[in-house]
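These notes concern the structure reproduced below.
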Amino acid sequence: YNLILAQHIHYYINGVKNAFLKGKLDIKDKYSFDFPEIASQAEWKAFLNKFWKDTEELAKHIEKFDDEQLKLSFVEKKYGTNCQNINALIEHAYYHLGQIVLIKKQINQ
């Protein structure tokens, strides 16, 4: 389950990053758990490298926002502001990271 949750978190990080860069939101909730199977340690390591790279790129992009950019609409007005979406992305990641911690505790009992 931890693998699936990590991929799910990455799906949104990468999607929001791309939306900021391209001005278009290409992700959909219904696809947020559709991933190719990771069958080896090498594939897991490659996924983690992409996860960290995309996360760092998103963080660097957000660091450049001034207060006015944070107040602008995220892609379209119906999606709220950039600030609201950044906060939602953080809350989403924390929620699933909490699930990962609970799953690990259950496994290690």
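The values are calculated or read from the model by the stated rules, or taken from the named source; none is laboratory data. From a predicted model like this one, the values you see are computed outputs, not experimental measurements. Counting neighbours? That spans all protein chains shown, and the Cβs are built from the backbone with ideal geometry, glycine included. Surface accessibility is based on the protein's heavy atoms, side chains included, excluding ligands, DNA and RNA. Shrake-Rupley method; radii C 1.70, N 1.55, O 1.52, S 1.80 Å.
Here the peptides 82-88, 97-103 are ranked by packing, the mean other Cβ count within 10 Å, and the order with the highest first is 82-88, 97-103. Computed from backbone phi, the HN-Hα couplings of the range 12-19 come to 6, 4, 5, x, 5, 4, 5, 5 Hz, rounded to whole numbers (Karplus: 6.51 cos²θ - 1.76 cosθ + 1.60, θ = phi - 60°; Gly and Pro given as x). Take the alpha carbon gyration tensor of the range 1-58, find the square roots of its eigenvalues, order them as a ≥ b ≥ c, and report rounded if a/c is under 1.5; if not, report prolate when a/b exceeds b/c, else oblate. Oblate shape, in that a/c is at least 1.5 and b/c is the bigger or equal ratio.
A cut-off of 5 Å between modelled amide H atoms, ignoring neighbours fewer than 5 places along the same chain, links residue 81 with 74.
Mind scanning 30/50; 71/104; 22/50; 71/105; 30/78 and naming the pairs with a C-alpha gap bigger than 28 Å?
71/104; 71/105
Considering only alpha-carbon pairs that sit under 8 angstrom and 6 or more positions apart, the relative contact order computed for the chain is 32 percent. The accessible surface of the range 7-105, taken with every protein chain in place and a 1.4 Å probe, is 57 percent carbon and sulfur. Qualifying trypsin sites (Lys or Arg not before Pro) in the range 25-61, where qualification requires a DSSP coil assignment and no more than 13 other C-beta atoms within 10 Å, comprise 28. Only one item in [x] 15.2, 49; [y] 18.1, 52; [z] 13.4, 43 matches Rg and Dmax of the Cα atoms in Å derived from the coordinates shown, and that item is [x]. Provide, for q = 0.29, 0.34 Å⁻¹, the log10 of I(q)/I(0) from a solvent-free Debye sum over equal Cα point scatterers in the range 56-100. Debye curve over Cα of the range 56-100, log10 I(q)/I(0) at q = 0.29, 0.34 Å⁻¹: -1.03, -1.13.
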